[in-house]
Amino acid sequence: MKTDFFLEIDHYISDLLAPEDQVLKDTITSLDTEGLPQHSVSANQGKFLQVMMMACNAKKVLELGTLGGYSTIWLARALPEEGKIITIEVDQHHGKVAQQNIENAGLSDKVEFRIGKALDILPQMVKDDNEKFDMIFIDADKPPYTKYFKYALQLSRPGTIIILDNVIREGKILDANSQDEKVQGVQRLNKLLSTTENVTTTILQTVGAKEHDGMAIAVVNRVD
């Protein structure tokens with residue numbers, strides 16, 4: 001695979017349709033400065049999330065895995081004036097960095113941070129029964145992806161779009177004998193997606209700035 005070629009194409013698309021302003025560039029820089037991993041979505045993937053939000057007229061969004069807030073900024077910028085995003089991050093330091101980046105972006109009024117384990121926070125959100133989201137973006141630790149997806153379904157309504165990142169893992173999902181917990185996690189997820197009847201789902205392979213991976217896109221079916 002000519003990875004340099006795909007990287008050039010990705011940059012072409014991003015420069016043309018998803019140019020980063022200084023806020024986004026500073027957010028990426030902050031990851032290195034604060035010792036966070038460079039695991040954010042690419043600029044073009046951020047724009048893709050915005051397109052999906054506009055497609056479903058998203059006013060209320062849930063994000064699992066804030067990291068430094070890069071994807072959160074893309075999401076929040078696509079919200080209408082009354083829109084809100086709840087973002088969950090397990091690491092307190094990551095959360096502080098993200099909060100600073102969100103403040104720098106002037107989006108603090110649109111973003112609600114919840115710091116802690118998603119598997120502790122999500123059950124309470126389900127129990128409250130007043131949290132139905134228009135779009136859910138999951139980009140967190142991979143082993144519990146099936147659990148995250150099941151909670152996402154409970155927090156959805158017909159028409160909700162659920163997007164899960166990193167589900168191809170450079171093709172490692174084809175290895176039925178993989179001992180990698182991250183690979184096993186997305187293998188379980190992909191199998192679950194194939195058997196969940198109340199969603200319409202596909203997976204898009206991605207190549208470019210984030211090498212070879214993919215995103216799963218599920219839409220909760222209408223109730224006739």
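The fraction of Cα-Cα pairs per 10 angstrom bin, counted from 0 for the chain, comes to 8, 33, 39, 18, 2, 0 percent, rounded to whole percents. Here the chain is treated with +1 on each Lys and Arg Cβ and -1 on each Asp and Glu Cβ, and its dipole about the Cα centre works out to around 720 debye. Using C-alpha pairs under 8 Å with a sequence gap of at least 6, the mean separation divided by the residue count of segment 91-224 gives a relative contact order of 23 percent. Protein-only accessible surface at a 1.4 angstrom probe places the residues Glu197, Glu34 in the order Glu197, Glu34, largest first.
Ligands, DNA and RNA are left out, and with a 1.4 angstrom probe the accessible area of segment 1-134 is 52 Å² per residue. Normalised by the number of residues in the chain, the average gap of Cα pairs under 8 Å and 6 or more apart makes the relative contact order 19 percent. Its relative contact order, with pairs defined as Cα atoms under 8 Å and 6+ residues apart, puts segment 30-140 at 31 percent. Antiparallel beta bridges, as assigned by DSSP with both residues in the chain, represent about 40 percent of the total such bridges. Aspartates and glutamates within cross-link reach of Lys84: Cα-Cα under 18 Å, excluding same-chain residues under 8 positions apart? Partners found: Glu63, Glu103, Asp109, Glu112, Asp128, Asp129, Glu131, Asp134.
Pairs exceeding 19 Å between alpha-carbon atoms, taken from Lys47/Lys210; Lys59/Lys110; Lys25/Lys59; Lys150/Lys191; Lys142/Lys191; Lys147/Lys210: Lys25/Lys59; Lys147/Lys210.
How much of the accessible area of the chain, probe 1.4 Å, is carbon plus sulfur, in whole percent? Ligands and nucleic acids excluded, carbon and sulfur give 51 percent. With the charge dipole of the chain set up from +1 on Lys and Arg Cβ and -1 on Asp and Glu Cβ about the Cα centre, the Cα lying farthest toward the positive end among the listed residues Thr195, Gln38, Ile85 is that of Thr195. Just list whichever of Lys127/Lys172; Lys60/Lys117; Lys60/Lys172 have alpha carbons separated by over 27 Å in the model shown. The answer is Lys127/Lys172; Lys60/Lys172. For the peptides 60-67, 104-111, the ranking by packing is 60-67, 104-111, with the highest mean count of neighbouring Cβ atoms within 10 Å listed first.
The values are calculated or read from the model by the stated rules, or taken from the named source; none is laboratory data. None of these values were measured; they are calculated from a predicted model. Don't worry about glycine lacking a Cβ; one is built from the backbone with ideal geometry, like all the others, and counts go over all protein chains shown. Accessible surface areas use protein heavy atoms only, side chains included; no ligands, DNA or RNA. Shrake-Rupley method; radii C 1.70, N 1.55, O 1.52, S 1.80 Å.
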